[in-house]
Amino acid sequence: MKQPIIQLKNVTFTYPGRNNMESATINDVSLDILEGQWISIVGPNGSGKSTLSKLMNGLLRANKGSITVNGTELTSSSLRGIRQQIGFIFQNPDNQFIGSTIFEDLVFGMENNCLSRSEMDERVQRFADKLTITPFLHRHPSELSGGQKQRAAIAAVLAMDPRIVIFDEATSMLDEGAKESVIELMRSMHASGQYTIISITHDMDEIIASDRVVAMKSGQIIADDSPFNLLQQEEIIEACRLKPPFYIALCQELRQRNIDIGIHLNERDLVNNLWQYISTM
Ligand code: ADP
Ligand code: MG
């Protein structure tokens, strides 16, 4: 049995200055995330997804409850060590650059981790290669497209060797091709078994590719299930403002017309089952 790498127990948080009469921003949330898991966090705007992820890496501190990362409870003295294990990718890649070239940015993150020059050079090369940004290493971030910038930001995070990577709507500003390349990268990170991935997203391709979906509403978890099970729950889809996946919606429509071929997430399964159904008619 795998151990939870992140464990939230009855976590409650409200931003300072918020009216006490309002319900808490994060309201008594408990959640275990297993090592190596790829979790999608979904929910409408303002439901607390970003706040929850900032609590996990100590950018915000809970008012109540406990957060444990890799066996260590998050406190002011463990904060630094825990931060080093968690990488964060934001929605807007422009907000993540500090250096005047992509190369400087990759090195900057690692310098805080006290690595040798040769180790840093090796990592820059390895992750620039993996994220296909080698040709842009000595360019200013503003010379890159949105997708290239986001890949550079991811390379900078991965070069710090985190065990947990949080993507906060990291594909939402990208065009279709750039989005696909980030999802492909998440797939390969997941397959390597080296990372626990937490991705806040509205993107159906990303949700379907993940292991588990946690749905939030008004600071609470309202569903926690496999993508296959969760995406069949119309009320959850609606509460989270998700666009129902086409193939599931089609299967449900067919079922309402007494053509029950089961529920399928992709075209191939749907077509195969439809053929089988027709051949028994
Ligand atoms: P989500 O990521 O799901 O869109 P957030 O976690 O950003 O939601 O926000 C949850 C709630 O907290 C919202 O009501 C939002 O207005 C509020 N909020 C977010 N950031 C702050 C902040 N820095 N100060 C005060 N309130 C905030
Ligand atoms: Mg958010």
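The values are calculated or read from the model by the stated rules, or taken from the named source; none is laboratory data. These numbers were taken from a predicted model, which means no experiment stands behind them. Using ideal geometry, Cβ is built from the backbone for each residue, glycine included, and neighbour counts are taken over all protein chains shown. With ligands, DNA and RNA removed, areas are computed over all heavy atoms of the protein, side chains included. Shrake-Rupley method; radii C 1.70, N 1.55, O 1.52, S 1.80 Å.
Some observations on this one:
- Residue in region 5-20 that is away from ligand 1 (no atom under 16 Å from the Cβ), open to solvent by less than 70 Å² (accessible area, probe 1.4 Å), over 21 Å from Val213 (Cβ atoms) and assigned by the TED database to the domain that holds Ile207 present: no
- Among residues of region 8-60, those that are more than 16 Å from ligand 2 (Cβ to nearest atom), of a type in the set (D, E, K, R) and within 19 Å of Asn70 (Cβ to Cβ), counted: 3
This table checks each residue for (1) touching a residue at least 12 places away in the same chain (Cβ under 8 Å); (2) of a type in the set (D, E, K, R); (3) on the phi < 0 side of the Ramachandran plot.
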site: Thr14; (1), (2), (3): yes, no, yes
site: Asn19; (1), (2), (3): no, no, yes
site: Asp32; (1), (2), (3): yes, yes, yes
site: Gly36; (1), (2), (3): yes, no, no
site: Gly43; (1), (2), (3): yes, no, no
site: Gly48; (1), (2), (3): yes, no, no
site: Gly58; (1), (2), (3): yes, no, no
site: Thr75; (1), (2), (3): no, no, yes
site: Gln84; (1), (2), (3): yes, no, yes
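- Reported count of residues in region 76-111, each being outside any helix (DSSP H, G or I) and under 24 Å from the mean Cα position of the chain (by Cα), is 12.
- Only residues that are within 15 Å of ligand 1 (Cβ to nearest atom), of a type in the set (D, E, K, R) and open to solvent by 20 Å² or more (accessible area, probe 1.4 Å) were counted across region 29-76, and they come to 2.
- Matching residues, region 46-78, being modelled with pLDDT under 95 and among the aliphatic types (A, V, I, L, M): Leu59
Here is a yes/no grid of residues against (1) open to solvent by less than 20 Å² (accessible area, probe 1.4 Å); (2) modelled with pLDDT under 95; (3) of a type in the set (Lys, Arg):
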{"residue": "Ser100", "(1), (2), (3)": "no, yes, no"}
{"residue": "Asn112", "(1), (2), (3)": "no, yes, no"}
{"residue": "Arg117", "(1), (2), (3)": "no, yes, yes"}
{"residue": "Leu131", "(1), (2), (3)": "yes, yes, no"}
{"residue": "Pro141", "(1), (2), (3)": "yes, yes, no"}
{"residue": "Met173", "(1), (2), (3)": "no, yes, no"}
{"residue": "Thr196", "(1), (2), (3)": "yes, no, no"}
{"residue": "Ile208", "(1), (2), (3)": "no, yes, no"}
